[in-house]
Amino acid sequence: MDYTTDIENIKNELKAIGFDDMKLNQLMDIAAEEILQMAIDDLGESADDATLEMVAQEVDKPITTAEEAVSRMSLIFEKAYGAEAENKKNEMLLNYLKQTLEATKSAKDLYNRYQAGDPSAVATIKAQEGNPDVQKVVDLM
(Lines give C-alpha, C1' and ligand atoms only; values in the text may rest on other atoms or scores of the structure.)
Protein backbone atom coordinates (compact mmCIF):
# COMPACT_ATOMS: atom_id res chain seq x y z
CA MET A 1 0.00 0.00 0.00
CA ASP A 2 1.23 3.49 -0.86
CA TYR A 3 0.76 5.24 2.46
CA THR A 4 2.63 8.36 1.39
CA THR A 5 0.20 9.15 -1.41
CA ASP A 6 -2.83 8.37 0.76
CA ILE A 7 -1.51 10.55 3.59
CA GLU A 8 -0.83 13.44 1.20
CA ASN A 9 -4.31 13.08 -0.31
CA ILE A 10 -5.93 13.32 3.11
CA LYS A 11 -3.75 16.30 4.03
CA ASN A 12 -4.93 17.98 0.82
CA GLU A 13 -8.55 17.19 1.69
CA LEU A 14 -8.02 18.72 5.13
CA LYS A 15 -6.61 21.84 3.50
CA ALA A 16 -9.59 21.97 1.15
CA ILE A 17 -12.02 22.01 4.08
CA GLY A 18 -10.23 24.76 5.95
CA PHE A 19 -6.97 23.59 7.55
CA ASP A 20 -4.21 26.08 6.89
CA ASP A 21 -0.54 25.06 7.02
CA MET A 22 -0.18 26.02 10.69
CA LYS A 23 -3.21 24.00 11.77
CA LEU A 24 -2.16 21.09 9.62
CA ASN A 25 1.29 21.15 11.25
CA GLN A 26 -0.35 21.22 14.67
CA LEU A 27 -2.51 18.27 13.67
CA MET A 28 0.54 16.34 12.49
CA ASP A 29 2.25 17.01 15.84
CA ILE A 30 -0.81 15.72 17.69
CA ALA A 31 -0.98 12.71 15.38
CA ALA A 32 2.68 11.91 16.06
CA GLU A 33 2.05 12.04 19.80
CA GLU A 34 -1.02 9.83 19.50
CA ILE A 35 0.57 7.15 17.34
CA LEU A 36 3.71 7.19 19.49
CA GLN A 37 1.55 6.55 22.55
CA MET A 38 -0.16 3.66 20.75
CA ALA A 39 3.25 2.18 19.89
CA ILE A 40 4.41 2.56 23.50
CA ASP A 41 1.23 0.84 24.70
CA ASP A 42 1.77 -2.02 22.22
CA LEU A 43 5.42 -2.26 23.24
CA GLY A 44 4.43 -2.45 26.90
CA GLU A 45 2.17 -5.41 26.15
CA SER A 46 4.65 -7.38 24.06
CA ALA A 47 8.24 -6.55 25.01
CA ASP A 48 10.41 -8.22 27.60
CA ASP A 49 11.65 -6.34 30.65
CA ALA A 50 15.14 -5.72 29.22
CA THR A 51 13.71 -4.10 26.09
CA LEU A 52 11.31 -2.00 28.12
CA GLU A 53 14.16 -0.83 30.38
CA MET A 54 16.34 0.10 27.39
CA VAL A 55 13.50 2.04 25.74
CA ALA A 56 12.62 3.75 29.02
CA GLN A 57 16.22 4.95 29.39
CA GLU A 58 16.17 6.34 25.85
CA VAL A 59 12.82 8.05 26.35
CA ASP A 60 14.03 9.72 29.55
CA LYS A 61 16.90 11.46 27.74
CA PRO A 62 16.13 15.06 26.75
CA ILE A 63 15.41 15.75 23.08
CA THR A 64 17.22 18.77 21.69
CA THR A 65 16.73 18.39 17.93
CA ALA A 66 14.07 17.23 15.51
CA GLU A 67 16.43 14.48 14.38
CA GLU A 68 16.63 13.13 17.93
CA ALA A 69 12.83 13.12 18.15
CA VAL A 70 12.53 11.20 14.88
CA SER A 71 15.24 8.78 15.98
CA ARG A 72 13.50 8.16 19.30
CA MET A 73 10.18 7.56 17.59
CA SER A 74 11.81 5.15 15.14
CA LEU A 75 13.42 3.22 17.99
CA ILE A 76 10.11 2.76 19.75
CA PHE A 77 8.38 1.63 16.56
CA GLU A 78 11.21 -0.76 15.70
CA LYS A 79 11.07 -2.33 19.14
CA ALA A 80 7.28 -2.57 19.05
CA TYR A 81 6.77 -3.77 15.47
CA GLY A 82 10.12 -5.05 14.19
CA ALA A 83 10.47 -5.15 10.41
CA GLU A 84 6.96 -3.73 10.02
CA ALA A 85 7.77 -0.56 11.98
CA GLU A 86 7.63 1.90 9.08
CA ASN A 87 4.49 0.38 7.59
CA LYS A 88 2.80 0.31 10.99
CA LYS A 89 3.71 3.95 11.67
CA ASN A 90 2.32 5.04 8.30
CA GLU A 91 -0.79 2.91 8.73
CA MET A 92 -1.46 4.43 12.14
CA LEU A 93 -0.89 7.95 10.82
CA LEU A 94 -3.18 7.34 7.86
CA ASN A 95 -5.93 6.00 10.14
CA TYR A 96 -5.56 8.95 12.49
CA LEU A 97 -5.81 11.43 9.62
CA LYS A 98 -8.83 9.61 8.14
CA GLN A 99 -10.60 9.77 11.49
CA THR A 100 -9.76 13.46 11.81
CA LEU A 101 -11.03 14.16 8.29
CA GLU A 102 -14.32 12.39 8.97
CA ALA A 103 -14.76 14.08 12.34
CA THR A 104 -14.02 17.47 10.79
CA LYS A 105 -16.50 16.90 7.97
CA SER A 106 -19.14 15.88 10.51
CA ALA A 107 -18.41 18.91 12.68
CA LYS A 108 -18.58 21.26 9.70
CA ASP A 109 -21.86 19.70 8.59
CA LEU A 110 -23.28 20.10 12.09
CA TYR A 111 -22.09 23.71 12.21
CA ASN A 112 -23.64 24.50 8.82
CA ARG A 113 -26.94 22.95 9.91
CA TYR A 114 -26.72 24.93 13.16
CA GLN A 115 -26.23 28.16 11.24
CA ALA A 116 -29.23 27.28 9.07
CA GLY A 117 -31.33 26.85 12.22
CA ASP A 118 -31.78 23.08 12.10
CA PRO A 119 -33.43 22.30 15.49
CA SER A 120 -31.57 19.01 15.98
CA ALA A 121 -28.22 20.70 15.24
CA VAL A 122 -29.03 23.57 17.61
CA ALA A 123 -29.94 21.08 20.36
CA THR A 124 -26.76 19.06 19.76
CA ILE A 125 -24.51 22.11 19.94
CA LYS A 126 -26.26 23.53 23.01
CA ALA A 127 -25.82 20.17 24.76
CA GLN A 128 -22.07 20.23 24.08
CA GLU A 129 -21.30 23.78 25.25
CA GLY A 130 -18.34 23.71 27.62
CA ASN A 131 -17.12 20.28 26.45
CA PRO A 132 -13.30 20.53 26.13
CA ASP A 133 -13.16 17.91 23.37
CA VAL A 134 -15.61 19.90 21.28
CA GLN A 135 -13.60 23.04 21.89
CA LYS A 136 -10.47 21.31 20.53
CA VAL A 137 -12.30 20.55 17.29
CA VAL A 138 -13.58 24.11 17.07
CA ASP A 139 -10.07 25.45 17.61
CA LEU A 140 -8.73 23.30 14.78
CA MET A 141 -11.43 24.58 12.46
- Which one of these is of a type outside the set (Lys, Arg) and more than 20 Å from residue 26 (Cα to Cα): 41, 133? 41
- Query: Which condition does residue 130 not pass, out of (1) without any contact (Cβ under 8 Å) to a residue 12 or more places away in the chain; (2) of a type outside the set (A, V, I, L, M); (3) surrounded by 12 or more Cβ atoms within 10 Å (Cβ to Cβ), if it passes all the others?
  - Reply: (3)
- At least 3 residues that are in contact with a Phe, Trp or Tyr (Cβ under 7 Å, 6 or more places away or on another chain) and within 29 Å of residue 133 (Cα to Cα) in each: list the helices (runs of 4 or more DSSP H) lying fully within the stretch 1-117 that qualify. 21-46, 85-115
- Could you please give the count of residues in the stretch 17-33 that are of a type in the set (A, V, I, L, M, F, W, C) and more than 21 Å from residue 88 (Cα to Cα)? 4
- Note on the structure: The residue that is modelled with the lowest pLDDT, considering only those in the stretch 109-141 that are hydrophobic (A, V, I, L, M, F, W, C) and within 21 Å of the chain's Cα centre (by Cα), is 141
- Across the stretch 1-47, which residue is surrounded by the most Cβ atoms within 10 Å (Cβ to Cβ) among those that are among the small types (Gly, Ala, Ser) and touching a helix residue (DSSP H, G or I) at 6+ places or on another chain (Cβ under 9 Å)? 39
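The values are calculated or read from the model by the stated rules, or taken from the named source; none is laboratory data. Note that this is a predicted model, so its numbers are computed, not measured. Ideal geometry is used to build each Cβ from the backbone, glycine not excepted, and the neighbour counts take in all protein chains shown.
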